[in-house]
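**Student:** What follows is a structure written as C-alpha coordinates; I'll ask about it next.
The values are calculated or read from the model by the stated rules, or taken from the named source; none is laboratory data. Bear in mind the structure is a predicted one, so any value in this text is a computation, not a measurement. Ideal geometry is used to build each Cβ from the backbone, glycine not excepted, and the neighbour counts take in all protein chains shown. For accessibility, only protein heavy atoms count, side chains too; no ligands or nucleic acids. Shrake-Rupley method; radii C 1.70, N 1.55, O 1.52, S 1.80 Å.
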Amino acid sequence: MFHGLYAAYAATSLSEAVRVSRWIFAVFEMVHLTGLAVLGGAVLIASARLAGWPLGGLDRGAVWRGLRWVALGGLLAVIGSGVVMVGVNPLKYYFNPSFNVKLWLLLAGVALGLAVDRLVRRENVPPIVWRGAGLALSGLFLAVGLAGRAIGLL
Ligand code: HEM
(Lines give C-alpha, C1' and ligand atoms only; values in the text may rest on other atoms or scores of the structure.)
Protein backbone atom coordinates (compact mmCIF):
# COMPACT_ATOMS: atom_id res chain seq x y z
CA MET A 1 0.00 0.00 0.00
CA PHE A 2 2.57 2.59 1.02
CA HIS A 3 4.86 1.65 -1.87
CA GLY A 4 2.20 2.88 -4.29
CA LEU A 5 1.91 6.15 -2.37
CA TYR A 6 5.67 6.80 -2.52
CA ALA A 7 5.81 5.80 -6.21
CA ALA A 8 2.89 8.14 -7.00
CA TYR A 9 4.66 10.96 -5.15
CA ALA A 10 7.83 10.32 -7.20
CA ALA A 11 5.78 10.96 -10.37
CA THR A 12 4.58 14.41 -9.23
CA SER A 13 5.92 17.76 -10.44
CA LEU A 14 6.80 18.66 -6.81
CA SER A 15 9.06 15.61 -6.54
CA GLU A 16 10.67 16.45 -9.87
CA ALA A 17 11.21 20.06 -8.77
CA VAL A 18 12.98 18.93 -5.56
CA ARG A 19 15.02 16.36 -7.53
CA VAL A 20 16.36 18.82 -10.15
CA SER A 21 16.76 21.85 -7.84
CA ARG A 22 20.13 22.81 -6.37
CA TRP A 23 18.61 24.57 -3.31
CA ILE A 24 15.09 23.26 -2.44
CA PHE A 25 16.28 20.28 -0.37
CA ALA A 26 18.85 22.40 1.52
CA VAL A 27 16.37 25.20 2.26
CA PHE A 28 13.72 22.75 3.51
CA GLU A 29 16.31 20.97 5.63
CA MET A 30 16.91 24.34 7.32
CA VAL A 31 13.15 24.58 7.94
CA HIS A 32 13.23 20.98 9.22
CA LEU A 33 16.02 21.66 11.71
CA THR A 34 14.37 24.91 12.88
CA GLY A 35 11.03 23.12 13.29
CA LEU A 36 12.58 20.30 15.28
CA ALA A 37 14.36 22.84 17.52
CA VAL A 38 11.03 24.59 18.27
CA LEU A 39 9.22 21.27 18.80
CA GLY A 40 12.13 19.90 20.82
CA GLY A 41 12.22 22.90 23.13
CA ALA A 42 8.48 22.70 23.80
CA VAL A 43 8.53 18.91 24.28
CA LEU A 44 11.55 18.91 26.59
CA ILE A 45 10.21 21.72 28.85
CA ALA A 46 6.69 20.21 28.96
CA SER A 47 8.11 16.72 29.59
CA ALA A 48 10.32 17.97 32.42
CA ARG A 49 7.31 19.61 34.11
CA LEU A 50 5.20 16.48 33.63
CA ALA A 51 7.98 14.33 35.09
CA GLY A 52 8.13 16.48 38.22
CA TRP A 53 10.52 19.37 37.62
CA PRO A 54 8.83 22.20 39.57
CA LEU A 55 9.46 24.94 36.96
CA GLY A 56 8.80 27.63 39.55
CA GLY A 57 5.65 25.85 40.77
CA LEU A 58 3.72 26.30 37.51
CA ASP A 59 0.73 23.94 37.18
CA ARG A 60 1.32 20.98 34.81
CA GLY A 61 -1.83 21.77 32.84
CA ALA A 62 -0.87 25.44 32.45
CA VAL A 63 2.62 24.54 31.15
CA TRP A 64 1.16 21.97 28.74
CA ARG A 65 -1.53 24.35 27.44
CA GLY A 66 1.04 27.17 27.16
CA LEU A 67 3.42 25.08 25.02
CA ARG A 68 0.85 23.06 23.05
CA TRP A 69 0.58 25.51 20.12
CA VAL A 70 4.36 26.07 20.00
CA ALA A 71 4.81 22.30 19.73
CA LEU A 72 2.09 22.03 17.08
CA GLY A 73 3.75 24.79 15.02
CA GLY A 74 7.09 22.97 15.22
CA LEU A 75 5.46 19.65 14.34
CA LEU A 76 3.74 21.09 11.26
CA ALA A 77 7.08 22.60 10.17
CA VAL A 78 8.95 19.27 10.44
CA ILE A 79 6.17 17.31 8.71
CA GLY A 80 5.76 19.85 5.87
CA SER A 81 9.49 20.22 5.26
CA GLY A 82 10.00 16.47 5.68
CA VAL A 83 7.44 15.67 2.99
CA VAL A 84 9.16 18.10 0.60
CA MET A 85 12.60 16.58 1.35
CA VAL A 86 11.28 13.05 0.74
CA GLY A 87 10.40 14.32 -2.75
CA VAL A 88 14.08 14.21 -3.78
CA ASN A 89 13.77 10.39 -4.02
CA PRO A 90 10.64 8.98 -2.33
CA LEU A 91 11.42 5.32 -3.00
CA LYS A 92 14.89 5.71 -1.45
CA TYR A 93 13.16 6.74 1.81
CA TYR A 94 10.46 4.06 1.43
CA PHE A 95 13.19 1.41 1.56
CA ASN A 96 15.24 3.19 4.29
CA PRO A 97 14.74 1.36 7.63
CA SER A 98 15.70 4.40 9.74
CA PHE A 99 13.15 6.56 7.93
CA ASN A 100 10.40 3.99 8.54
CA VAL A 101 11.32 3.53 12.20
CA LYS A 102 11.36 7.33 12.54
CA LEU A 103 7.80 7.72 11.22
CA TRP A 104 6.44 4.97 13.53
CA LEU A 105 8.21 6.57 16.52
CA LEU A 106 6.75 9.94 15.51
CA LEU A 107 3.27 8.38 15.33
CA ALA A 108 3.76 6.96 18.84
CA GLY A 109 4.91 10.39 20.05
CA VAL A 110 1.87 12.15 18.59
CA ALA A 111 -0.46 9.50 20.09
CA LEU A 112 1.17 9.97 23.52
CA GLY A 113 0.88 13.75 23.14
CA LEU A 114 -2.86 13.41 22.47
CA ALA A 115 -3.19 11.14 25.52
CA VAL A 116 -1.38 13.67 27.74
CA ASP A 117 -3.62 16.41 26.32
CA ARG A 118 -6.61 14.53 27.80
CA LEU A 119 -4.74 13.62 31.00
CA VAL A 120 -3.98 17.24 31.93
CA ARG A 121 -7.73 17.89 32.22
CA ARG A 122 -8.12 15.21 34.90
CA GLU A 123 -7.64 15.46 38.65
CA ASN A 124 -5.84 12.97 40.92
CA VAL A 125 -3.50 11.52 38.32
CA PRO A 126 -0.84 9.50 40.22
CA PRO A 127 2.66 11.10 40.06
CA ILE A 128 4.10 7.86 38.63
CA VAL A 129 1.83 8.31 35.57
CA TRP A 130 3.08 11.87 35.06
CA ARG A 131 6.70 10.79 35.44
CA GLY A 132 6.19 7.95 32.96
CA ALA A 133 4.46 10.23 30.43
CA GLY A 134 7.16 12.91 30.74
CA LEU A 135 10.04 10.48 30.32
CA ALA A 136 8.33 8.64 27.44
CA LEU A 137 7.50 11.86 25.55
CA SER A 138 11.05 13.23 25.69
CA GLY A 139 12.49 9.75 25.02
CA LEU A 140 10.33 9.34 21.89
CA PHE A 141 11.31 12.79 20.61
CA LEU A 142 15.01 12.05 21.06
CA ALA A 143 14.54 8.65 19.35
CA VAL A 144 12.85 10.31 16.34
CA GLY A 145 15.76 12.75 16.11
CA LEU A 146 18.34 9.96 16.24
CA ALA A 147 16.44 7.97 13.62
CA GLY A 148 16.33 11.13 11.48
CA ARG A 149 20.09 11.55 11.78
CA ALA A 150 20.60 7.87 10.97
CA ILE A 151 18.68 8.15 7.66
CA GLY A 152 21.66 9.69 5.86
CA LEU A 153 24.05 7.14 7.38
CA LEU A 154 22.42 4.09 5.78
C1 HEM B 1 9.55 15.16 15.43
C2 HEM B 1 9.68 14.96 14.16
C3 HEM B 1 11.02 14.90 13.42
C4 HEM B 1 12.29 15.05 13.90
C5 HEM B 1 12.74 15.30 15.35
C6 HEM B 1 13.18 14.90 12.76
C7 HEM B 1 14.58 14.96 12.86
C8 HEM B 1 15.43 14.86 11.78
C9 HEM B 1 16.88 14.94 11.88
C10 HEM B 1 17.67 15.16 13.17
C11 HEM B 1 17.37 14.79 10.62
C12 HEM B 1 18.86 14.80 10.20
C13 HEM B 1 19.19 16.17 9.74
C14 HEM B 1 20.63 16.21 9.23
O15 HEM B 1 21.30 15.23 9.20
O16 HEM B 1 21.02 17.32 8.82
C17 HEM B 1 16.24 14.62 9.74
C18 HEM B 1 16.36 14.43 8.39
C19 HEM B 1 15.29 14.14 7.59
N20 HEM B 1 13.95 14.07 7.96
FE21 HEM B 1 13.19 14.40 9.78
N22 HEM B 1 12.46 14.68 11.64
C23 HEM B 1 11.13 14.65 11.99
C24 HEM B 1 10.05 14.41 11.19
C25 HEM B 1 10.14 14.08 9.85
C26 HEM B 1 9.03 13.74 8.99
C27 HEM B 1 7.56 13.69 9.46
C28 HEM B 1 9.55 13.48 7.75
C29 HEM B 1 8.84 13.08 6.48
C30 HEM B 1 7.57 13.05 6.27
C31 HEM B 1 10.99 13.67 7.83
C32 HEM B 1 11.87 13.53 6.78
C33 HEM B 1 13.22 13.72 6.85
C34 HEM B 1 14.13 13.59 5.70
C35 HEM B 1 13.73 13.24 4.27
C36 HEM B 1 15.41 13.86 6.17
C37 HEM B 1 16.73 13.88 5.34
C38 HEM B 1 17.39 12.56 5.51
C39 HEM B 1 18.63 12.44 4.62
O40 HEM B 1 18.48 12.12 3.44
O41 HEM B 1 19.71 12.70 5.13
N42 HEM B 1 11.32 14.03 9.12
N43 HEM B 1 15.07 14.67 10.47
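**Student:** In Å², what does the accessible area per residue of the chain work out to with a 1.4 Å probe?
**Tutor:** 59
**Student:** Using the beta-carbon distance between E123 and L91 and R0 = 35 Å, what value does 1/(1 + (r/R0)^6) give for FRET efficiency, to the nearest 0.05?
**Tutor:** My answer for the efficiency is 0.10.
**Student:** A further question on this structure: For a quick size check, give me the Cα extents of the range 107-154 along its three principal axes, largest first, whole Å.
**Tutor:** 46, 17, 9
**Student:** Follow-up question, since we're still on this one. Using a 1.4 angstrom probe with every protein chain in place, what is the largest-first accessible-area order of F25, F99, F2?
**Tutor:** So the residues, ranked largest to smallest area, are F2, F25, F99.
**Student:** Where the centroid of each part is defined by its Cα atoms, how far is the range 121-154 from the range 66-82 in Å?
**Tutor:** So the separation of the two Cα centres works out to 16 Å.
**Student:** Can you list which of the trypsin sites (Lys or Arg not before Pro) found in the range 76-154 are DSSP loop residues with at most 12 other C-beta atoms within 10 Å?
**Tutor:** When the trypsin sites (Lys or Arg not before Pro) of the range 76-154 are filtered for loop state and at most 12 Cβ neighbours within 10 Å, R121, R122 remain.
**Student:** Accessible area of the range 2-151 with a 1.4 Å probe: how many percent of it is carbon plus sulfur?
**Tutor:** Exposed carbon and sulfur together represent 72 percent of the surface.
**Student:** Please identify which residues in the range 77-95 have an amide N closer than 14 Å to a label point set 7 Å out from the Cα of S21, following the Cα→Cβ vector.
**Tutor:** The answer is 80-89, whose backbone nitrogens lie closer than 14 Å to the label point.
**Student:** How long are the semi-axes of the equivalent ellipsoid of the range 2-151, taking √(5λ) for every eigenvalue λ of the Cα gyration tensor, in whole Å from largest down?
**Tutor:** Largest first, the range 2-151 gives 34, 15, 12 Å.
**Student:** In addition: Mind checking which helices in the chain clear 18 Å along their axis (Cα) and have mean Kyte-Doolittle hydropathy of 1.0 or more, DSSP H runs only?
**Tutor:** Correct list, ordered by number: 24-51, 60-86, 97-119, 127-151.
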